[in-house]
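Student: One structure follows; several queries about it will come next.
The values are calculated or read from the model by the stated rules, or taken from the named source; none is laboratory data. Just so it is clear, the structure is predicted and the values come from calculations on it, not from any experiment. Here Cβ is always computed from backbone atoms with ideal geometry, including for glycine, and neighbour counts include all displayed protein chains.
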Amino acid sequence: MKITQGTFSFLPDLTDKEITAQIQYALDQGWAVSVEYTDDPHPRNYFWEMWGNPMFDLKDAAGALTEVLAARKAHPSNYIRVMAFDATLGFETTRLSFIVNRPKDEPGYGLVRQEVDGRNIRYTIESYAAKAPEGRRYT
Amino acid sequence: MSEPNTKQAGVAAEGVALRVDLNSLLADSQVNEVLDELDQALIGLQPVKTRVRDIAALLLIERARKLVGLASGSPSLHMSFTGNPGTGKTTVALRMAQILHRLGYVRKGHLVSVTRDDLVGQYIGHTAPKTKEVLKKAMGGVLFIDEAYYLYRPENERDYGQEAIEILLQVMENQRDDLVVIVAGYRDRMDTFFQSNPGLSSRIAHHIDFPDYSAEELELIAGTMLEQMQYRLSSSGVEALREYIPLRMTQAHFANARSVRNALDRARLRQANRLFAQKGLQLSRDDLMTIEADDIRASRVFT
């Protein structure tokens with residue numbers, strides 16, 4: 001099951017050239033680009049690991065792409081995303097976020113039904129991959 | 001990189017041009033304007049200007065070769081600027097970034113100017129991220145490393161400068177399309193620096209030497225500087241400056257154009273003082289602009 005979160009996630013995976021173009025767009029808007037990775041891509045897990053500091057004052061996407069490639073080399077079977085932060089007053093938030101690397105095999109999520117308060121049922125989703133301890137998922 | 005203008009190049013059906021019009025290519029790139037500007041704005045520096053023209057011509061021909069479908073590897077354009085202080089190394093580097101941008105060799109054409117402090121860290125593991133961050137900022141433009149020989153300190157074998165050089169070399173080799181590195185510094189110290197870092201020397205294709213200015217050239221430079229600051233010399237002031245420059249050149253710590261700039265700044269100071277001393281006088285626009293001989297002759301070099 002292909003995980004869809006962030007921009008472009010319903011499209012086929014972006015090529016490096018397309019990633020460069022998107023990063024360049026973000027830089028042209030004056031946004032600061034950063035790279036993050038995780039092996040727990042639950043939709044409610046907002047806090048992915050940072051791959052280095054956010055990159056400020058970049059002019060050209062080539063610099064950010066080297067970080068994407070380095071992150072991919074170090075974590076080939078993790079999820080890696082590029083985020084673009086807009087520091088403009090009033091925004092001060094992430095304006096763009098897209099996945100640039102995903103594991104080959106994505107087992108997806110199971111629906112968990114919990115019986116509470118008699119006959120009531122609570123639903124939640126649980127990642128099959130995340131059942132393994134951290135660092136041993138998606139191997 | 002701008003797309004080659006196919007209409008002017010006379011493109012054949014397969015999309016490969018049969019003939020290339022160099023003039024239209026030149027006009028397209030607008031590189032002539034930058035070169036002319038370089039000629040006018042910078043006085044003297046003949047060998048430098050010739051070299052810059054050579055590089056511009058090479059890049060233009062490379063572009064023409066690409067249009068007709070010939071093999072065109074992007075040439076290595078890392079440079080080393082050597083010369084005494086105040087000979088215009090930084091200024092030329094800035095123009096170089098513009099020229100390379102117009103010719104489509106670098107994508108953005110900005111100049112990132114750094115020294116040892118910006119590249120080398122203070123503790124173990126600090127250098128690599130610092131150098132990489134600077135390199136990332138410089139991508140798509142020109143990285144100008146002033147006084148590059150400070151990177152290498154042979155007297156301290158634990159110095160982190162070596163680490164910065166290694167990272168630099170790697171990027172200079174592998175990402176030639178992404179950035180151009182210009183190292184600059186004084187002639188003799190750069191020579192020893194290159195001797196102890198043969199890897200760096202061999203990756204730098206263009207060694208450009210900046211000659212010292214002659215007294216006449218310095219006088220011309222003083223003229224343009226004053227013009228920019230909207231000052232002018234009285235006729236006796238011109239003579240005083242003509243005497244001042246050769247005297248200053250023989251003194252210690254002479255830094256070419258930079259010394260001239262400092263001398264002019266001090267002359268302005270004295271002019272302001274002189275005008276202030278004659279309070280009550282109505283000052284005309286002319287008075288405010290003119291630097292008199294006394295303002296220059298009060299200098300320490302005349303004593």
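Student: Which residue pairs have Cβ atoms closer than 7 Å, lie 6 or more positions apart in sequence or on different chains, and pair a first residue in segment B:120-149 that is more than 8 Å from chain A (Cβ to nearest Cβ) and at negative phi with a second residue that is outside any helix (DSSP H, G or I) and of a type in the set (S, T, N, Q)?
Tutor: Pairs found: B:PHE144/B:SER113; B:ASP146/B:SER113; B:ASP146/B:THR115.
Student: Can you report the number of residues in segment B:202-225 which are in contact (Cβ under 8 Å) with a residue 60 or more places away in the chain and not in a loop (DSSP other than H, G, I, E, B)? So that I can check it myself, show each step before the final result.
Tutor: Narrowing segment B:202-225 to residues in contact (Cβ under 8 Å) with a residue 60 or more places away in the chain: B:203-214, B:217, B:220-221, B:224.
Applying the additional criterion that residues be not in a loop (DSSP other than H, G, I, E, B) yields B:203, B:206-210, B:217, B:220-221, B:224.
Within segment B:202-225, residues that are in contact (Cβ under 8 Å) with a residue 60 or more places away in the chain and not in a loop (DSSP other than H, G, I, E, B) number 10.
Student: Let me ask another. Scanning segment B:89-119 for residues that are basic (Lys, Arg) and away from chain A (no Cβ under 13 Å), which turns out nearest to B:MET79 (Cα to Cα)?
Tutor: Only one residue fits best here, namely B:LYS89.
Student: Considering only residues that are among the aromatic types (Phe, Trp, Tyr) and surrounded by 12 or more Cβ atoms within 10 Å (Cβ to Cβ), look in segment B:244-301 and name the one that is nearest to B:TYR213 (Cα to Cα).
Tutor: Across segment B:244-301, the extreme among qualifying residues is B:PHE254.
Student: Restricting to segment B:201-218, name every residue that is of a type outside the set (A, V, I, L, M, F, W, C), closer than 17 Å to B:GLU239 by Cα and under 20 Å from the mean Cα position of the chain (by Cα).
Tutor: B:SER214, B:GLU217
Student: Taking the condition among the hydrophobic types (A, V, I, L, M, F, W, C), modelled with pLDDT of 90 or more and farther than 20 Å from A:SER9 by Cβ, does A:VAL68 pass?
Tutor: no
Student: Looking at segment A:5-21, is at least one residue surrounded by fewer than 20 Cβ atoms within 10 Å (Cβ to Cβ), away from chain B (no Cβ under 14 Å) and farther than 30 Å from A:GLU126 by Cβ?
Tutor: Within segment A:5-21, the first condition is being surrounded by fewer than 20 Cβ atoms within 10 Å (Cβ to Cβ), and the residues that meet it are A:5-18, A:20-21.
If we keep only those that are away from chain B (no Cβ under 14 Å) as well, we get A:5-15, A:18.
Those left that are additionally farther than 30 Å from A:GLU126 by Cβ: A:15, A:18.
Scanning segment A:5-21, I find at least one residue that is surrounded by fewer than 20 Cβ atoms within 10 Å (Cβ to Cβ), away from chain B (no Cβ under 14 Å) and farther than 30 Å from A:GLU126 by Cβ, so the answer is yes.
Student: Confirm whether A:ASP39 is more than 14 Å from every other protein chain (Cβ to nearest Cβ), on the phi < 0 side of the Ramachandran plot and surrounded by 14 or more Cβ atoms within 10 Å (Cβ to Cβ).
Tutor: For A:ASP39, the condition - more than 14 Å from every other protein chain (Cβ to nearest Cβ), on the phi < 0 side of the Ramachandran plot and surrounded by 14 or more Cβ atoms within 10 Å (Cβ to Cβ) - is met.
Student: Please list, ordered by first then second residue, the pairs with beta carbon atoms under 6 Å, 6 or more apart or interchain, first in segment A:13-30 and under 10 Å from A:ALA84 (Cα atoms), second part of a helix (DSSP H, G or I).
Tutor: Qualifying pairs under 6 Å: A:ILE23/A:ALA61; A:ILE23/A:ALA64.
Student: Moving on to the next point. Among (1) assigned to a loop (DSSP other than H, G, I, E, B); (2) surrounded by 18 or more Cβ atoms within 10 Å (Cβ to Cβ), which single condition is B:LEU168 missing?
Tutor: Only one criterion in (1) assigned to a loop (DSSP other than H, G, I, E, B); (2) surrounded by 18 or more Cβ atoms within 10 Å (Cβ to Cβ) is unmet by B:LEU168, namely (1).
Student: Could you list all residues from segment A:56-68 that are part of a loop (DSSP other than H, G, I, E, B) and either within 7 Å of another protein chain (Cβ to nearest Cβ) or not hydrophobic (A, V, I, L, M, F, W, C) (or both)?
Tutor: Result: A:ASP57, A:LEU58, A:LYS59, A:ASP60.
Student: Sticking with this one: Please enumerate the residues belonging to segment A:43-55 that are within 14 Å of another protein chain (Cβ to nearest Cβ), part of a loop (DSSP other than H, G, I, E, B) and surrounded by 13 or more Cβ atoms within 10 Å (Cβ to Cβ).
Tutor: A:TRP51, A:GLY52, A:PRO54
Student: Taking only segment B:152-191 into account, find how many residues are within 18 Å of B:LYS89 (Cβ to Cβ) and either more than 23 Å from the chain's Cα centre (by Cα) or not small (Gly, Ala, Ser) (or both).
Tutor: 10
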